[in-house]
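For reference, the structure is listed below as structure tokens.
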Amino acid sequence: MPDGTIIFTAPTGHTYTTETHGGMLFPALRQSTGELNVSPTVAVAETDRALMMPRRKQTREQDRRDRILQERRQRTELIAEEERQRQAWLAANYEPPPF
């Protein structure tokens, strides 16, 4: 609108109106911008958009199962390595009691 009021219409049909208060604080903003000859345009949605998306090679359940198994394998290897280091330390440092 010429006074700077903007009217927004949402896709749901609700209408929102702004009020211009800047002219009270800044007199230079009171100038009219003139009539705008703008017609609303609606963007055309691409119908082939889904074709660009990559396909899953496995289901989410299979991915989750594989991740859990991999983590369990890594943890088992870590525990085994810690046990080997403990046994090596015991072999090098352990002395049975003197009695």
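The values are calculated or read from the model by the stated rules, or taken from the named source; none is laboratory data. None of these values were measured; they are calculated from a predicted model. SASA here: full protein model, heavy atoms, side chains in, ligands and nucleic acids out. Shrake-Rupley method; radii C 1.70, N 1.55, O 1.52, S 1.80 Å.
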Diffing segment 67-75: the Karplus 3J(HN,Hα) column from phi (6.51, -1.76, 1.60, θ = phi - 60°), in whole Hz with x for Gly and Pro, holds 5, 5, 4, 4, 5, 5, 4, 4, 5
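Could you sort Glu71, Glu35 by their accessible area in this structure, using a 1.4 Å probe and putting the largest first?
Working: Glu71 115, Glu35 150 Å².
These residues rank, largest area first, as Glu35, Glu71.
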